[in-house]
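**Q** Sharing a structure, written as structure tokens. Questions coming.
The values are calculated or read from the model by the stated rules, or taken from the named source; none is laboratory data. Given the structure is predicted, the values throughout are model-derived calculations rather than measurements. Don't worry about glycine lacking a Cβ; one is built from the backbone with ideal geometry, like all the others, and counts go over all protein chains shown. We work out accessible area using only protein heavy atoms, side chains counted, and drop any ligands, DNA or RNA first. Shrake-Rupley method; radii C 1.70, N 1.55, O 1.52, S 1.80 Å.
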Amino acid sequence: MVMEIVCPAGTPAALRAAVKAGAHTIYCGFNDETNARNFPGLNFDRTEMRSGISFAHEHGAKVLVAINTFPRAGSESIWHHAVADAETCGADAVILADLGLLDHTARNHPGLRRHLSVQAAAANADVINFYAETFGVRRVVLPRVLSVHEISAINAETDVETEVFVFGGLCVMAEGRCSLSSYATGLSPNMNGVCSPASHVEYEEDDGALDARLGGYLIHRVERNAPAPYPTLCKGCFSAGGKTGHLFEDPVSLNAERLIPQLQKAGVTALKIEGRQRSKSYVAQVVRNFRAAVDALDAGRPLPQGMLARLSEGQAMTTGAYKKTWR
Amino acid sequence: MSVPQTQIPQCPVALATALRFVPLVPLSLSLTAFSRRIAKAHPDMFRRLGKHNRALFVLDPTDLPVVLLLKPNNGLPTITVSRQHGDGTARISGPLAALLGLVHGAFDGDALFFSRDLVIQGDTAAALALRNAIDDAELDLAHEVTIVSGPLARSLEQVIAFAERRTGLCLTRPEDSLSW
């Protein structure tokens with residue numbers, strides 16, 4: 001069976017591009033704080049979501065709606081409405097992280113398929129089975145901290161489908177629990193759907209060097225012609241203890257395309273591409289690449305050579321935790 | 001794993017030279033009229049801009065001696081061409097080929113940012129909203145020009161195709177066909 005390619009879409013145009021490029025499934029979100037990519041000019045209003053889902057269904061693709069931030073006390077209705085509207089729009093599943101929202105959805109929308117977001121950081125079979133037994137979760141997006149061997153061990157102990165990231169930006173380890181953006185700006189991906197919100201980012205080019213500030217803090221300076229990273233604290237370059245470097249993580253992108261056969265053997269159902277903030281050009285290129293890879297694997301052909309490096313943050317790539325080699 | 005830089009074509013020197021002498025007022029008026037025609041055909045673009053609809057964007061093709069000052073004005077845009085540096089809410093700088101490639105969806109904005117072919121200064125949120133709004137609008141500037149060219153449309157299409165081949169500039173929207 002061909003592994004499922006799950007592709008991001010930040011706009012209706014990106015959704016159509018993903019479908020045309022061969023995505024089996026597209027994930028997207030409403031244009032508010034209920035999804036973890038609440039960026040200026042991105043996402044779908046209710047009308048766009050309905051027509052986007054119709055377009056995908058007409059072409060045999062599915063749409064998952066990410067409602068994967070954590071509801072604010074007193075404002076839970078915003079998240080409840082999002083789940084109800086996703087069902088009304090015809091979503092094939094919702095991607096949730098918050099226990100309360102999972103419970104609400106299981107009780108009030110039992111026919112709506114539920115996936116567990118990476119934001120829930122479910123990293124072992126016990127917790128995944130708990131989500132399945134308690135809230136009827138059918139698929140879990142695994143956090144990017146697991147090796148292929150660990151993913152295999154999880155799949156051996158659960159019937160819940162597993163979806164893993166294969167391309168795109170990397171986060172620091174405990175996803176859904178990161179407070180770095182909150183520390184610098186007061187806004188976080190967990191509560192507001194924005195990591196390092198653009199409204200708090202400033203760039204300044206001086207004699208070829210590019211300075212990036214987040215919430216007023218200088219977080220990195222790259223010299224002339226050196227690749228630039230995203231303006232997130234986790235990718236910041238800091239001086240401490242007499243050394244200067246990327247203390248949290250290097251500004252590189254995940255690319256696990258060469259590991260697809262191993263991920264298939266490990267029992268993975270779906271391969272997820274990060275990047276709802278990216279353009280339709282990115283979406284089309286990455287989807288074509290990965291669709292060709294899974295089709296080749298299914299047909300017993302060698303994997304095609306990838307062409308994705310120039311789309312990567314810092315123009316550099318890693319296989320992340322899948323092949324752990326800690327420094 | 002690291003990779004070589006993306007190659008972005010340079011704007012023809014003749015165009016840059018011509019823009020040193022072209023009168024800017026008629027050019028600005030023509031571009032404003034053109035942008036209003038596009039605005040009429042793509043109203044959703046302005047909805048996506050949201051609160052940034054009143055921003056002033058400085059679009060700076062770094063290989064040309066002019067900048068474009070774009071005011072979206074909630075669907076009634078104006079474009080002023082200037083030979084000054086220009087100040088605005090946000091400044092987006094890069095080779096003309098990169099800016100045209102972004103408009104036509106041929107390039108990814110983040111990838112151009114990573115490779116330093118694109119520089120954003122000022123209000124980053126406004127610049128991001130503009131980029132996302134344009135990406136969703138699926139513009140084709142050459143098509144917008146030819147549909148108002150009446151009997152000259154066919155010849156103009158051929159001229160644009162020739163210019164695109166000759167310069168490497170992305171003057172039309174690439175085909176978006178079904179792969180599967």
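**Q** Over all directions, what mean area does the Cα convex hull of region A:6-98 project, stated in square nanometres?
**A** In nm², the orientation-averaged hull projection of region A:6-98 is 5.3.
**Q** Let me ask you something else. Ordered by residue, what ³J(HN,Hα) values in Hz, to whole numbers, does region A:100-107 give under the Karplus form 6.51 cos²θ - 1.76 cosθ + 1.60, where θ = phi - 60° and Gly and Pro are x?
**A** With the stated coefficients, region A:100-107 comes to x, 6, 4, 5, 4, 5, 4, 6 Hz.
**Q** Moving to a separate point now. Placing +1 on the Cβ of each Lys and Arg and -1 on the Cβ of each Asp and Glu in the protein assembly as shown, which of A:Ala82, A:Thr269, B:Gly168 has its Cα farthest towards the positive end of the resulting dipole?
**A** Working it through, the farthest residue towards the positive pole turns out to be B:Gly168.
**Q** Could you compute the net charge surrounding A:Ser77? Neighbours are other residues with a C-beta less than 13 Å from the C-beta of A:Ser77; K and R count +1, D and E count -1.
**A** Here the count lands on -3.
**Q** Choose one of A:Gln119, A:Thr232, A:Ile154: the residue whose Cα lies farthest towards the positive end of the charge dipole of chain A (beta-carbon charges +1 Lys, Arg; -1 Asp, Glu; about the Cα centre).
**A** With unit charges placed on the Cβ atoms, the residue in question is A:Ile154.
**Q** Something else: Using θ = phi - 60° and the Karplus form 6.51 cos²θ - 1.76 cosθ + 1.60, what ³J(HN,Hα) does each residue of region A:46-59 get, whole Hz, x for Gly and Pro?
**A** 4, 5, 5, 5, 4, 6, x, 5, 4, 4, 4, 5, 4, 9
**Q** So, one more: For A:Met3, A:Met191, give me the order by solvent-accessible area with a 1.4 Å probe, most accessible first, ignoring ligands, DNA and RNA.
**A** Reading off the accessible areas and sorting them downward yields A:Met191, A:Met3.
**Q** Can you compute the helix-only [θ] at 222 nm over chain B? Use -39500 (n - 2.57) per DSSP H run of at least 4 residues, normalise by all residues, nearest 500 deg cm²/dmol.
**A** Values: 8 runs with 79 residues, N = 180.
Result for chain B: -13000 deg cm²/dmol, rounded to the nearest 500.
**Q** A:Ile154 accessible area, nearest 10 Å², 1.4 Å probe?
**A** About 10 Å², rounded to the nearest 10.
**Q** Could you tell me the center-to-center distance, by alpha carbons, between region B:1-62 and region B:123-160 in angstrom?
**A** Using only Cα atoms, the two centres lie 10 Å from each other.
**Q** Would you mind counting up the charge near A:Asn38? Only other residues with Cβ under 11 Å from its Cβ, with Lys and Arg at +1 and Asp and Glu at -1.
**A** 0
**Q** Kindly flag which residue pairs out of A:Lys20/B:Lys40; A:Lys272/A:Lys323; A:Lys235/A:Lys280; A:Lys235/B:Lys71; A:Lys62/A:Lys280; A:Lys235/B:Lys51 have an alpha-carbon separation exceeding 23 Å in this structure.
**A** A:Lys20/B:Lys40; A:Lys235/A:Lys280; A:Lys235/B:Lys71; A:Lys235/B:Lys51
**Q** Percent antiparallel among DSSP beta bridges with both residues in the protein assembly as shown, to the nearest 5?
**A** Here the antiparallel bridges make up roughly 45 percent for the protein assembly as shown.
**Q** Compute the distribution of all C-alpha to C-alpha distances in region A:180-245, in bins of 5 Å from 0, and list the percent of pairs in each, rounded to whole numbers.
**A** With 5 Å bins starting at 0, P(r) equals 4, 18, 26, 22, 17, 9, 4, 0.
**Q** What figure, in Å² to the nearest 10, do you get for the accessible area of A:Glu150 with a 1.4 Å probe and non-protein molecules left out?
**A** For A:Glu150, solvent-accessible area is about 70 Å².
**Q** What whole number of Å gives the distance from the Cα centroid of region A:210-263 to the Cα centroid of region A:18-62?
**A** Using only Cα atoms to place each centre, the spacing works out to 29 Å.
**Q** If you don't mind, another one. Treating only the Cβ of Lys, Arg, Asp and Glu as charged (+1, +1, -1, -1), what charge dipole size does the protein assembly as shown show about its Cα centre? Round to the nearest 20 debye.
**A** 680
**Q** Suppose every K and R has +1 on its Cβ and every D and E has -1 on its Cβ; what is the size of the dipole of region B:13-139 about the Cα centre, in Debye to the nearest 20?
**A** 520
**Q** Calculated from DSSP H runs of 4 or more alone, at -39500 (n - 2.57) each and per residue, what is the 222 nm mean residue ellipticity of chain A, nearest 500?
**A** On the way: 9 runs with 99 residues, N = 327.
Helices in chain A give a 222 nm mean residue ellipticity of -9000 deg cm²/dmol.
**Q** Ranked from the most accessible area to the least, with a 1.4 Å probe and all protein chains present, what is the order of B:Glu157, A:Glu163?
**A** Working: B:Glu157 90, A:Glu163 0 Å².
The residues order as B:Glu157, A:Glu163, largest area first.
**Q** Okay, moving on. Please list the three semi-axes, largest first and in whole Å, of the ellipsoid equivalent to the protein assembly as shown, using sqrt of 5 times the eigenvalues of its alpha carbon gyration tensor.
**A** 38, 25, 23
**Q** Sort A:116-127, A:257-268 by packing, meaning the average of other beta carbons within 10 Å per residue, with the highest value first. Walk me through the intermediate numbers first.
**A** Values: A:116-127: 20.5, A:257-268: 17.9.
The packing order, highest mean first, is A:116-127, A:257-268.
**Q** Given a 1.4 Å probe and the protein chains all in place, what does the accessible area of B:Arg48 round to, in Å² to the nearest 10?
**A** 20
**Q** Quick one: order A:Arg288, B:Arg154, B:Arg131 from most to least accessible surface, probe 1.4 Å.
**A** On the way: A:Arg288 90, B:Arg154 155, B:Arg131 45 Å².
Descending order: B:Arg154, A:Arg288, B:Arg131.
**Q** Eigenvalues of the Cα gyration tensor times 5, then square-rooted: what semi-axes does that give for chain B, in whole angstrom, largest first?
**A** Gyration-tensor ellipsoid for chain B: 22, 21, 19 Å.
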